[in-house]
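Each reported figure results from applying straightforward, stated rules to the coordinates on display, with no laboratory input. All figures in this text were calculated on a predicted structure; none of them were measured in a lab. No Cβ is skipped: glycine too gets one built from the backbone with ideal geometry, and neighbour counts run over all protein chains shown.
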Amino acid sequence: MEQFSPVKRKDGQPVRYLVVDDSVFARKNLARIIETFGGKLIGEAGDGKTAITEYDRLKPDIVLMDITMPQMEGIEAAEKIVQQHPEARIVMVSSVGYQENIVAALQRGARHFVQKPVKPEVLYEVIKYVLGDDAAVASAAGAGD
Amino acid sequence: MKMELIQPFINAADAVLSQMLQSPTTMGNLTMEEEAYRRKGVAAQIWLTGDIEGRIVFDLDEETAIRVASKLAGATLPESDALIRETVCELANQIVGNAICTLNDLGFQFRIHPPVIHTSETGATSSEDTEALVLCFDTESGAVYMNLALRYGKKRSHFAAAASL
């Protein structure tokens, strides 16, 4: 898998991710992609309800959230997280990327939307955009460590 | 089953399988299934409700499922690994999700239900309004079967009937 110039937090630490998807395969796939960005997977959840408790516990820098999940869907979970934590940066990652869903997700607090199957180069650009000034792209040699 | 319902699934399967398996995909046989659905190997089923109703089954024989899951996992998986079933479910989810985006652009609205592993040997028999279409996609890892049994939801059926008068 392609390696990207590491995206780090302002303090030089790796960006911390919470991955929410009911598919173990999808979570593993995203974890592998995150690794190529120099990020750190700090937690996983398989449904929206668990995502909320895991967010409260871990306070990740980025949440990658699926939409179609059992118990509580991703858009509702995103809304609940943002109500409690307005600073939360949630990126929806879903195969159901039609206009209505994207608009609903953004209106309810998500910062961006990435269509599955995930293209790492697309997610990389989205992560940089969502982090904005709170992140820096280090050189591949490890600047910013 | 109308072609406007089928084509988005063909396009999505072609695109998702090619991208995920990083190899070209060709469409093989297309058959109508009149008998009850009979599972070939590892099968994931997704239900749709709304303007279009029905189910889509993705079915891979055991060896193909292992090859596909191993390729995507980047390591050889044992036959019993749960990740093999998970992978087939997620493939199904991504293909159906992408197809639905196209159908939504055409004005159809519906809900996609999470994929479930289809464990029984057979499924429901096709009926006149939910005839099943089986499409085979040949990949480098083996054949992937997509079994579609879809129909217009009640609201859409009403409009379609009115339009044909």
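Summary table below
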{"item": "Distance in nm between pseudo-label sites at residue B:38 and residue B:113 (7 Å out along the Cβ direction from Cα)", "result": "2.6 nm"}
{"item": "Karplus 3J(HN,Hα) series, Hz, for region A:6-13 with 6.51 cos²θ - 1.76 cosθ + 1.60 (x for Gly, Pro)", "result": "x, 9, 10, 6, 4, 7, x, 7"}
{"item": "For region B:74-90, Karplus couplings with θ = phi - 60° (6.51, -1.76, 1.60), whole Hz, Gly/Pro x", "result": "x, 7, 6, 9, x, 3, 7, 5, 5, 4, 5, 5, 4, 5, 5, 4, 5"}
{"item": "Long-range HN-HN contacts of residue A:44 with modeled amide H, under 5 Å", "result": "A:19"}
{"item": "Length-normalised contact order of region A:1-144 in % [C-alpha pairs under 8 Å, at least 6 apart]", "result": "25 percent"}
{"item": "Computed FRET value (nearest 0.05) for residue B:62 with residue A:119, which takes r as the C-beta separation and R₀ as 25 Å", "result": "0.25"}
{"item": "Of A:40/A:128; A:59/A:80; A:59/A:119, pairs whose Cα-Cα distance is over 18 Å", "result": "A:59/A:119"}
{"item": "Order of B:136, B:101, B:89 under a 10 Å beta carbon neighbour criterion, fewest first", "result": "B:136, B:101, B:89"}
{"item": "The protein assembly as shown: antiparallel DSSP beta bridges as a percent of all, rounded to 5", "result": "70 percent"}
{"item": "Of the GluC sites (Glu not before Pro) in region B:1-109, those whose Cβ has at most 12 other Cβ within 10 Å and which sit in DSSP loop", "result": "B:34, B:35, B:79"}
